[in-house]
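**Q** Provided herewith is a single structure, encoded as structure tokens, for subsequent inquiry.
Values quoted throughout were computed directly from the atomic coordinates according to the rules given, and no laboratory measurement underlies them. Given the structure is predicted, the values throughout are model-derived calculations rather than measurements. Because the Cβ atoms are built from the backbone with ideal geometry, glycine has one as well, and the counts that use them run over all protein chains shown.
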Amino acid sequence: MNSGRFRNLLDASPYSYTCPVEKLTEADFDNIFEKIGGVRIAEGDDHTADYKFDNFVLELKFLEKEGTHSDVRQNKLANLFRPTQPGRPVVVLDDKLLDDQGKHTFQEIYKGTIYGHIRKAKKQLKESRLEHPETNCSILYFHNIGFASMNKDDLFELIKKRVRNDTSTIDGVVVSGSYTISDGFNVEAFMNFNYEPISAIGKEVKPTINKIHSELFSMQMMNFTAAMKGMVQPTIEVEPLTDIVFDLDGVRYVRPAPLLSSDVSMFPGGRSRITATPDTSGIEFRRPRILPKLTREQWTELVQEKVTLEGETFDEWTAIQISRLERSEPFSQIVAVPLDLNKFKLWCKGEGHSAICYEQLSRFSVITFNEAVDSVLLNMQEFTPNRKRPQSYLLVCTELIGQDESNDISHVFVANEEGEELPTLAEIVTDIRVCKNEALVIAAINAVALGLDSLLWYENKYYAWM
């Protein structure tokens, strides 16, 4: 691997990396078919099939585009999957969650993409059979390099089903594919090849189809070898598979990219993911408003030192603060912070203030609050069932979904240990589309507001990019 490519991989994210595997083109298939007796019928003629062999004609179709970008299809997917995960800000397009009828509907949603190819191929194959009466068999070949909405087995089943239902003039179906996945450092490439004879004559050409499979495998292995030697130009590389994501009616829908099989131990914190930012967060989080929290003795001391405080009495002061705290919301919090007046006065002296006032008290409250939040975050720990835990603490649970942190769902609880294996939980916020780091900040603020100093976190990695 040359140094330029190595730098690219080091700096890459799951959406910006290059994958050094060359795309298969029609010219490659020309070479493959020529080796086993196939010839091009007519270059660029959309009315006939692409290739002729001794006794059959073959039409080659490339599946290059993702099938989920249609608005109509997105609406159908949302209606199908939304009931499997009700009330969630992120819905995972996981067909394993569907019953048999749902799986049938899932395949039907994508039949339009396949049906258009089949309908055209049927006419092309028929025309070529008329022009070449010595042939007695029609083969339809799909090569997939970009359609990732369905896994290879489901795609093969869908294509077979549509061919059987939509035409009786196609005698066999081939579906192959070549794909790459990368984490920005490791690159994995894999391929598949399946053939299904539809008619008796389709079974007779299977030996030739097996030769195609063998030649295709050999060419792809040559491409992989060239990739390992850094001999592939980036302009002709295969685009790696990534998450399929769309937003509809305030809900995000995600079909996570396939997982790599390579060892993840070189990534102590897990594989590189797209970092969430305030712009990509599922919530609007405002900076908390900080109020000084005073005891009666502290209030009296400050009043005696001529500090102007709201209210004529301590009870009035307290009532005003309580009324403000009642307006606090999970993402627009108002927090009252206990203060050490001795530290406050030392801070005032260090800042060069000869007299103290409420503005300085407010500034010191913010400083005290920030220090408390930092302390909670610096001392947070991972939640594990067998570890001894504090009596009361904040608990953040985050569901990692795919390659992008902005897909993640987080929950924040107050946890209390009562001698059981798991704590009892009181919900602060749940089912919010924020990553773990954002959720930890929300939890730390709530910990300070509640007078707690412990924060634990847990990651659900069922749909994680591992």
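**Q** In whole Å, how far is the Cα centre of region 401-466 from that of region 167-201?
**A** 42
**Q** A further question follows. Counting DSSP beta bridges in the chain, what percent are antiparallel, to the nearest 5?
**A** Within the chain, antiparallel bridges account for around 50 percent of the total.
**Q** May I ask you to derive the FRET efficiency for Glu301 and Asn386 from their Cβ-Cβ distance with R0 = 51 Å, giving the value to the nearest 0.05?
**A** With R0 = 51 Å, the Cβ-Cβ based efficiency is 0.60.
**Q** Let me ask something else. Check each of the GluC sites (Glu not before Pro) in region 71-156 and keep only those in coil by DSSP with at most 12 other C-beta atoms within 10 angstrom; list them in order.
**A** Passing sites in region 71-156 are Glu134.
**Q** Among Asn342, Ser354, Thr430, whose Cα sits farthest toward the positive end of the charge dipole of region 273-466 (+1 at Cβ of Lys/Arg, -1 at Cβ of Asp/Glu, about the Cα centre)?
**A** Most positive-ward Cα: Ser354.
**Q** Using the number of other C-beta atoms within 10 angstrom as an exposure proxy, rank Arg363, Arg324 with the fewest first.
**A** Ordered by Cβ neighbours within 10 Å, fewest first: Arg324, Arg363.
**Q** If you take percent of Cα pairs over 44 Å apart from the coordinates, which of (i) 17; (ii) 27; (iii) 36 do you get?
**A** Comparing each candidate, only (iii) matches the computed number.
**Q** Treat each spin label as a single point 7 Å out from the Cα along the C-beta direction, and report the Glu284 to Asn136 distance in nm.
**A** Each label point is offset 7 Å from its Cα along the Cβ direction, giving 7.3 nm.
**Q** What percent antiparallel are the DSSP beta bridges of region 273-466, to the nearest 5?
**A** Approximately 50 percent, going by the DSSP bridge assignments.
**Q** Now for a different question. Using the Cα centre of the chain as the reference point, and only Cβ charges (+1 on K/R, -1 on D/E), how large is the resulting charge dipole? Debye, rounded to the nearest 20.
**A** Result for the chain is approximately 620 debye, rounded to the nearest 20.
**Q** Helix 111-131 versus the longest principal axis of the chain: what is the Cα-based angle in degrees, 0 to 90, to the nearest 10?
**A** Between helix and principal axis, roughly 10 degrees.
**Q** Ok, one more. Could you give the dipole magnitude of region 273-466 about its Cα centre, charging the beta-carbon of Lys and Arg +1 and that of Asp and Glu -1, in debye to the nearest 20?
**A** In total the dipole reaches around 460 debye.
**Q** Using a 10 Å cut-off around each Cβ, can you sort Ile356, Ile139, Ile212 from fewest to most neighbouring Cβ atoms?
**A** Lowest to highest Cβ neighbour count: Ile356, Ile212, Ile139.
**Q** Looking at this model, which pairs from Lys35/Lys152; Lys61/Lys111; Lys23/Lys103; Lys126/Lys203; Lys122/Lys203; Lys76/Lys461 are more than 23 angstrom apart at the alpha-carbon?
**A** Flagged as over cut-off: Lys35/Lys152; Lys23/Lys103; Lys76/Lys461.
**Q** Taking the Cβ of Thr430 as the center, what net charge do the other residues with Cβ under 12 Å away carry, scoring Lys and Arg +1 and Asp and Glu -1?
**A** -1
**Q** Let me ask another. Tally Lys/Arg at +1 and Asp/Glu at -1 over every other residue whose Cβ is under 12 Å from the Cβ of Asn79; what's the total?
**A** Cβ neighbours under 12 Å give a net charge of +2.
**Q** Using Cβ contacts closer than 10 Å as the measure, can you line up Ile244, Ile320 from fewest to most?
**A** So the ranking, lowest neighbour count to highest, is Ile320, Ile244.
**Q** Only loop residues by DSSP count here, and only those with at most 13 other Cβ atoms within 10 Å; note down the trypsin sites (Lys or Arg not before Pro) in region 36-106 that meet that.
**A** Passing both the DSSP loop test and the Cβ count: Lys65.
**Q** Just to confirm the number: angle between the C-alpha axis of helix 152-166 and the first principal axis of the chain, 0 to 90 degrees, nearest 10?
**A** Orientation of helix 152-166: about 50 degrees from the principal axis.
**Q** To continue, here is another question. Just to verify a number: FRET efficiency for Glu421 and Glu310, C-beta to C-beta distance, R0 = 41 Å, to 0.05?
**A** Plugging the Cβ-Cβ distance into 1/(1 + (r/R0)^6) gives 0.30.
**Q** Using alpha carbons only, how many degrees (0 to 90, rounded to 10) separate the axis of helix 100-109 from the longest principal axis of the chain?
**A** 70
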